[in-house]
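Encoded as structure tokens, the structure appears first; notes follow it.
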Amino acid sequence: MGFLSDIIEAFVPSNIEDLYTQPIPSAVAPDVSFKPFTVSGPTGGANALASGTQFALNPTGQALQDELEANALFRFGATPTGYGGLGSAREQALGVGQQFTAQAGNYGLSMADREQEVYDRIRATQLGEEERQRLALEERLFNQGRMGVQTSMFGGTPEQFAMSKAQAEAQNQASLMAIQQAQAEQQQQAALGAQFTTLGSGLTAQQQALESGQQQMGLGALQGAYVPQAAMLSAFSPALNVASLADVARRQQGELNLEAQMADISGIVGQRAALANMYGGIYGGLGSGLGGLLGNAGLFTEG
Amino acid sequence: MAQPLQSINLVAPAFMGINTEDSPIAQDTAFAEVADNAIIDRRGRLASRKGNTVLTTNKTVLGTDYLHKIHEFYDSANNEVIFSTGNNKIMTGTTTLVDATPGSYTITANDWKIVNFNDKAYFFQRGYDPLVYDNANGLRTFTVANSGATNATFKANEVLAAYGRLFVVGNATNDSVIYWSDLLNGNAFTGGSSGSIDVTKAWPNGFDKVVALAAHNNFLIVFGENNIIVYSGADSPASMAIHDTIAGVGCVDRNSIQDIGTDILFLTPTGLRGLGRTIQEKSLPITDLSRNIKQELIANTIATATPVSTVYSPENYFYLLCFSDLSLVYCFDIRATLENGAYRVTRWPSVDFKSFQRDRNGDIYIGCVDGLGKYDNYRDNGKPYRFRYFSPGLTFGDSAKIKMLKKIRPTLIGGNNSDIFLKWSYDFSTDTSSSTFRTSSDTPGFYGQSEYTDSDFSAEGITISRNSLNTTGYGSVINVGLETDINGFALSIQEMNVLALLGKTI
């Protein structure tokens, strides 16, 4: 030690010294640690341990959970019933719709080409009768000896002119009908295409609905699977509250105990501080008087 | 023992015309073996025809040719022009023939067909630009009249004016297409309501060519060489249709067509025929009008090399058919047909008649080498002509017995101061015996012309001769007849009494 220590040891009583050297009593932390507990309910029980909580369903609940989970797994993984049929129908509907739509587009033909096609078909139906009429007229003219008639007014005979006019009118009518028919066909094909496309879309929606239903059923099963567990957890909650009350009480008790200890320690510290102050005053006065007494020569001269 | 005279009274001898088809001895005695330059007069007697009174005094334009065609043009304004063709010219006029051929229009043939239509006259000849005449513009070609070249198809051989149109057929290359003009416009064969019909396929019997056209009772009659087509509704030719067809009968010459009102006469390769209609008018049976001279007529039809000329004269009740190159005219009396359906027919041989035309007044114009004449009086251009009659074989009911002809007593009307050569022969011999007498010289007098002359005392202005002539010879079949020159006076045979004595049987 140093000089001061030597002085203190030399001049400081032990009681004072003890004020400073004696250890202050330690505050001991109360045991507020978790206390394991067990909860038991109609569907199972729970063991709350420090290392964790263990839930255990009773066999019935466990069986339900297992069954429903399996069902959910099945639902999530399996194709809904009728899904394939709907798919085929949807494919067919969409295919037919596509066909009609394609037909509405005349398979890539221009409207004029389609009109020509329709015109040709209409004319094909007319040509037979026209030919028969022509042959009949030809025969009639032949029998009348008028095969070779040419006129400035009609070209041939008035009857031939009338027939040519009628045929031209039929051709005109066929042309108009072809235009109308082509347009009507286009509209009809488009409507049918739209109808079947809508049907396909509807079937798609139904497929989705089936899938959704399947998923819903899976989810339902899944949810059902956890009902026993939920029930068990529901039963666990009140027990947990009770456990919490005990825990709170335990922790409050510990806190109170700790506060009491701290208060004790504080009192000891205060007592020692007051003694220290008192010894300090005492020894201060003693020093001042001793100094005066020694005048200017103090006990300690410079040297 | 004296035998009684047998009498055959030939009343109105030959009033049934000539008959060269039936056996001479089996014929009705009303037929004639020969009836030359004769007609059947208004009383049904065999009579001399009229002559050709030539009107033309200046035929310089005609040259040495004869008038091939005569045509009387008249219009609604009563303008009249007599056209005639010949010497490759078209002429007008009667006394002086004037060349009316359009300038720069060359003609090398004279086979024209001329018709009046809508105040115009139209001239058609195969291959020639048709001509049109009207009073205002004279004679013009279609090219001039239409201000445009005429299509060769319309340079036709045959033309018919009917139903408000001209129908033409027969151009240089085609004889099957009939063209009709626009309505009332004979110049226009294009545009308007004009048209054509090819009858190639309409013939009932194979292929044929159109020879002639005729219109009758709203029918268009198309004559082919061997077929006939009858079209009904020809007033609307675009719609006309076959009404009837006749196969195997055709027409040899378009000039032979004559519409006699109730029928249409035409010359076929087998004789003269008519399209007689039935009451129902549903068919057109053909009648053979020349049956009594059928083979002779066929032979002449084949022999002739020139187009025939014909004329119908309702005033004279006859249809004349002239073979100009044969100098022969057949005169068909059309008053009625005989039991066999034939017309009474007589011959006019050795005549120089070449063409005919009847005008509106009923006068008959005659074309000849001397120009234009009229069927009038009883001389051919001032010259007499021979009238001949010969009966068929007379057997007096028994051809096996010898007949000795004793007397012939003809009753003749007219023939003022004519020498009559009465002839007879036996057993078809051409060696005839004859006896001559002269008819009386009474000149018929007519009121206002011969008043207070000898005619006042003549028998109603008619000279009647009843001479009885003795005859000789014998044979089983007797032919009797007479000849005389017609020289200014008509002659007709009222009757002939033939008296014969029957002998032993051969």
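The values are calculated or read from the model by the stated rules, or taken from the named source; none is laboratory data. Note that this is a predicted model, so its numbers are computed, not measured. Backbone-built Cβ (ideal geometry, glycine too); neighbour counts: all protein chains shown. Accessible surface areas use protein heavy atoms only, side chains included; no ligands, DNA or RNA. Shrake-Rupley method; radii C 1.70, N 1.55, O 1.52, S 1.80 Å.
Of the residues A:160, A:173, A:167, A:180, only one is in contact (Cβ under 8 Å) with a residue 24 or more places away in the chain and assigned to a helix (DSSP H, G or I); which?
It is A:167.
Criterion first (open to solvent by 50 Å² or more (accessible area, probe 1.4 Å) and in the same structural domain as residue B:253 (by TED's automatic domain parsing)) does residue B:145 satisfy it?
Criteria not met by residue B:145.
What strands (runs of 3 or more DSSP E) completely inside the stretch B:338-391 contain at least 2 residues that are open to solvent by 10 Å² or more (accessible area, probe 1.4 Å)?
B:343-349, B:355-358, B:371-375, B:385-390
In the stretch B:226-248, which residue that is more than 24 Å from residue B:190 (Cβ to Cβ) and buried (at least 21 other Cβ atoms within 10 Å of the Cβ) is nearest to the other protein chains (Cβ to nearest Cβ)?
B:229
Among the numbered criteria (1) at pLDDT 85 or above; (2) hydrophobic (A, V, I, L, M, F, W, C); (3) open to solvent by 50 Å² or more (accessible area, probe 1.4 Å), which single criterion is violated by residue A:233?
(1)
May I ask you to verify whether residue A:124 is open to solvent by 60 Å² or more (accessible area, probe 1.4 Å), modelled with pLDDT of 90 or more and either at the interface with another protein chain (Cβ under 10 Å from one of its Cβ atoms) or more than 22 Å from residue B:189 (Cβ to Cβ) (or both)?
Here the answer is yes, as residue A:124 does meet what is asked.
Identify, by number, the condition in (1) more than 13 Å from chain A (Cβ to nearest Cβ); (2) out of contact with any strand residue (DSSP E or B) (no Cβ under 6 Å at 6 or more places or on another chain) that residue B:212 doesn't meet.
(2)
From the residues in the stretch B:98-132 that are in contact (Cβ under 8 Å) with a residue 60 or more places away in the chain and open to solvent by less than 30 Å² (accessible area, probe 1.4 Å), which one is nearest to residue B:308 (Cα to Cα)?
It comes out as B:122.
Which condition breaks for residue B:27 when tested against (1) out of contact with any Phe, Trp or Tyr (no Cβ under 9 Å at 6 or more places or on another chain); (2) without any contact (Cβ under 8 Å) to a residue 60 or more places away in the chain; (3) not basic (Lys, Arg)?
It is condition (2) that residue B:27 fails.
Would you check which residues across the stretch A:52-80 are exposed (fewer than 14 other Cβ atoms within 10 Å of the Cβ), part of a helix (DSSP H, G or I) and within 28 Å of the chain's Cα centre (by Cα) and list them?
A:66, A:67, A:70, A:74, A:77
Which ones in the stretch B:182-193 are facing chain A (nearest Cβ under 10 Å) and either of a type outside the set (Phe, Trp, Tyr) or open to solvent by 40 Å² or more (accessible area, probe 1.4 Å) (or both)?
B:182, B:188, B:190, B:191, B:192, B:193
Taking residue A:104 as meeting all but one of (1) more than 14 Å from every other protein chain (Cβ to nearest Cβ); (2) open to solvent by 50 Å² or more (accessible area, probe 1.4 Å), write down the number of the exception.
Condition not satisfied by residue A:104: (2).
For a quick check of your reading: which strands (runs of 3 or more DSSP E) sit entirely within the stretch B:417-478 and have at least 3 residues that are open to solvent by less than 70 Å² (accessible area, probe 1.4 Å), under 28 Å from residue B:406 (Cβ atoms) and modelled with pLDDT of 90 or more?
Per the criteria, B:419-426, B:433-438.
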